[in-house]
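Notes follow once the structure below has been shown.
The values are calculated or read from the model by the stated rules, or taken from the named source; none is laboratory data. In this text, all values refer to a predicted model and were calculated from it rather than measured experimentally. Ideal geometry is used to build each Cβ from the backbone, glycine not excepted, and the neighbour counts take in all protein chains shown.
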Amino acid sequence: MSGPSIFPDVRVFFFEGDFLSMIILGIESSCDETGVAIYDSEKKCLIEEVHSQIQLHESFGGVVPEIASRDHVKRILPLLKTLLKKNDLSLQDIDGIGYTSGPGLIGALLTGAVFARTLAWALKISVVEVHHLEAHLLISLFDAPELAFPFVALIVSGGHTLLVHARTIGDYEILGETLDDAVGEAFDKSAKVLGLGYPGGAALAKLAERGEGSYLNFPKPMIDRPGLDFSFSGIKTHVANAWNRSEQTDKAKADIAEAFQSAVVETLVIKCKRALSLTGLNHLVVVGGVSANQLLRRRLAEIAEKLNVSVFFPRPQYCTDNGAMVAYAAYQKFLLHQETSSLAVQVKPRWPMAEL
Ligand code: KG4
Ligand code: ZN
C-alpha cells in the first residue's frame, strides 16, 4: 500500500506490472438505495446486493432524507452479511473498501462513510472515496473493457444531467449540465402529475409505449439555444397543463406520456450530437438511471450509426444506483494509489465532477 499509514500493520498489496490483485468491497448509500458489492480483480467478477427504499418514500412522493439515513443504518450490515454468506466469503477476504463519499444526501452518505471507515479500521485495510457519478461512468468499463478514453459521456440520473468530456479516469470537463431539474426528476415529477407513483420514470416510459402524442406539440427544451446546457423544469408544467386540458382518459394519459418522453429524448439526442461534433470524439457513453430508458437507447443507437460513432450503455442493472459500480470504481482508484488509512470520515454532499 502506498503512502503513510496511521496503522503500522495495515495490509500491503503488491502490483505485478499494471495488475493489482484485490478483493474490494464497494458501498453505495448516497440516496435511497443501499448497495454493497465485491469486485474480485483476479476473477474480474462483481457480486452485489441492493436494497431499494422506494416503498418507504413512496407515500411522501419523494425521498425523505432522515428516513433514508435511518434505513441505510438498518440495512447495511445485514446486506453485507448476506453478500458474504451467499458467496462463501468472510470479512477477512476483503483487501480494500470503496464508499460513495458524494455527491448525495449528507446523512445517507455519512452512514456509508462511517461503516466503511470503521470496517477498514477493524480489518486493518485501506479505503478510497468514490464519486457517485464517476462510479456510474466507470462501470461502463467493466461491461465494455474495450471502451477507451477519451469519450463523451451523457450522465442522466434522478439528481444529475451532465454532458462530459471524459479524458481519462478522474479528468472530466463538463460540457453542459441542467440549469434546473435533472432528467430523472422531470420524469418523476411528470409521472406524479399523471398519477403513476414515485419514482415514476420507468412507469411513465412503459405507458408512453402505448401513446401517440405528436398532436400535443410538446416543445424540446433549450434546443434553439447554442451550447450544451439543459433545462427540464418547464416540461412538467406542460405535462400538467396538457393533463388538465385533456379528458383525463387512459388514452390521454398515454399520449401525454409519449409526448413528454419523446420531447425529452430528442432534446438529449440533439445535445449528444452537438457534443460529439464539438469535441470531435467518436465514442459516446450513456449512464445513470435514465440510461435504462429504451427509447433513449434506441434513438442514440440510430444516431450513432448515422454518425459512425460508437455508443455504449451499461446493462440495466448497473444503470440505477448499485454497489457494484462503487466497488469497480474503487478498484480504479486503488490502481491510482488514491487509498487512505486515515480514520477521518469524509463526505462531500456537493462535489462537482470537474473538481475530482
Ligand atoms: O441513477 P439513479 O438510480 O439515481 C440517482 O443517482 O439519481 O437514477 C434514478 C432515476 C429516477 O429519476 C428514475 O425515475 C429514472 O432514473 N429512471 C428512468 C427509467 N428507469 C429509471 N427514467 C426513464 N426511463 C426509465 N426506464
Ligand atoms: Zn445515481
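Report yes if residue 221 is in a loop (DSSP other than H, G, I, E, B), more than 16 Å from ligand 2 (Cβ to nearest atom) and not hydroxyl-bearing (Ser, Thr, Tyr), otherwise no.
Numbers: in a loop (DSSP other than H, G, I, E, B): yes; more than 16 Å from ligand 2 (Cβ to nearest atom): yes; not hydroxyl-bearing (Ser, Thr, Tyr): yes.
Yes; evaluated as a whole, the condition is true for this residue.
Here's the yes/no breakdown for (1) over 17 Å from residue 266 (Cβ atoms); (2) surrounded by fewer than 17 Cβ atoms within 10 Å (Cβ to Cβ); (3) within 11 Å of ligand 1 (Cβ to nearest atom); (4) not β-branched (Val, Ile, Thr):
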{"position": "185", "(1), (2), (3), (4)": "yes, no, yes, yes"}
{"position": "190", "(1), (2), (3), (4)": "no, no, yes, yes"}
{"position": "200", "(1), (2), (3), (4)": "yes, no, yes, yes"}
{"position": "206", "(1), (2), (3), (4)": "yes, yes, yes, yes"}
{"position": "222", "(1), (2), (3), (4)": "no, no, no, yes"}
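Please go through region 253-272 and give me each residue that is out of contact with any helix residue (DSSP H, G or I) (no Cβ under 6 Å at 6 or more places or on another chain) and more than 14 Å from residue 190 (Cα to Cα), ordered by number.
266, 267, 268, 270, 271, 272, listed by residue number.
Take residue 230 and decide whether it is within 16 Å of ligand 2 (Cβ to nearest atom) and touching a Gly at 6+ places or on another chain (Cβ under 7 Å). Spell out the reasoning first.
Details: within 16 Å of ligand 2 (Cβ to nearest atom): no; touching a Gly at 6+ places or on another chain (Cβ under 7 Å): yes.
No, not satisfied.
What are the residues in region 321-340 that are surrounded by 20 or more Cβ atoms within 10 Å (Cβ to Cβ) and not in a helix (DSSP H, G or I), if any?
321, 322, 323, 339
Just give me the residues in region 143-171 being buried (at least 18 other Cβ atoms within 10 Å of the Cβ) and in contact with a Lys or Arg (Cβ under 7 Å, 6 or more places away or on another chain), in sequence order.
163
Just one of 210, 245, 167 is modelled with pLDDT of 95 or more, under 21 Å from the mean Cα position of the chain (by Cα) and over 17 Å from residue 319 (Cβ atoms); which is it? Outline the logic, then answer.
On the way: 210 fails: under 21 Å from the mean Cα position of the chain (by Cα); 245 fails: under 21 Å from the mean Cα position of the chain (by Cα).
Within the list 210, 245, 167, the selection yields 167.
Taking residue 129 as meeting all but one of (1) crowded, with 19+ Cβ neighbours inside 10 Å; (2) closer than 22 Å to residue 336 by Cα; (3) among the acidic types (Asp, Glu); (4) within 16 Å of ligand 1 (Cβ to nearest atom), write down the number of the exception.
For residue 129, the failing item is (4).
Residue-wise test of (1) within 16 Å of ligand 1 (Cβ to nearest atom); (2) on the phi < 0 side of the Ramachandran plot.
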{"site": "74", "(1), (2)": "no, yes"}
{"site": "78", "(1), (2)": "no, yes"}
{"site": "85", "(1), (2)": "no, yes"}
{"site": "88", "(1), (2)": "no, no"}
{"site": "108", "(1), (2)": "yes, yes"}
{"site": "114", "(1), (2)": "no, yes"}
{"site": "117", "(1), (2)": "no, yes"}
{"site": "137", "(1), (2)": "yes, yes"}
{"site": "143", "(1), (2)": "yes, yes"}
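Can you confirm whether residue 255 is surrounded by 14 or more Cβ atoms within 10 Å (Cβ to Cβ), more than 27 Å from residue 31 (Cα to Cα) and either at pLDDT below 95 or over 18 Å from the mean Cα position of the chain (by Cα) (or both)?
On the way: surrounded by 14 or more Cβ atoms within 10 Å (Cβ to Cβ): yes; more than 27 Å from residue 31 (Cα to Cα): yes; either at pLDDT below 95 or over 18 Å from the mean Cα position of the chain (by Cα) (or both): yes.
The answer is yes for residue 255.
Can you run down the residue pairs with Cβ atoms below 6 Å, 6 or more apart or on separate chains, where the first is in region 193-216 and over 9 Å from residue 254 (Cβ atoms) and the partner is of a type outside the set (Ser, Thr, Tyr) and not in a helix (DSSP H, G or I)?
Sorted first by the residue in region 193-216, then by its partner, the pairs are 198/61; 203/196; 204/196; 205/293.
Looking only at region 282-295, filter to residues that are crowded, with 17+ Cβ neighbours inside 10 Å and away from ligand 2 (no atom under 16 Å from the Cβ); which one of those is farthest from residue 137 (Cα to Cα)? Before you say what the answer is, go through the steps one by one.
To start, the set of residues in region 282-295 that are crowded, with 17+ Cβ neighbours inside 10 Å comprises 283-293, 295.
Pick out the ones that are also away from ligand 2 (no atom under 16 Å from the Cβ) and you get 283-284, 295.
Details: 283: 13, 284: 11, 295: 20 Å.
Top of the filtered list is 295.
Among the residues of region 296-320, count how many are more than 12 Å from ligand 2 (Cβ to nearest atom) and either part of a helix (DSSP H, G or I) or at positive phi (or both).
Number satisfying all stated conditions: 15.
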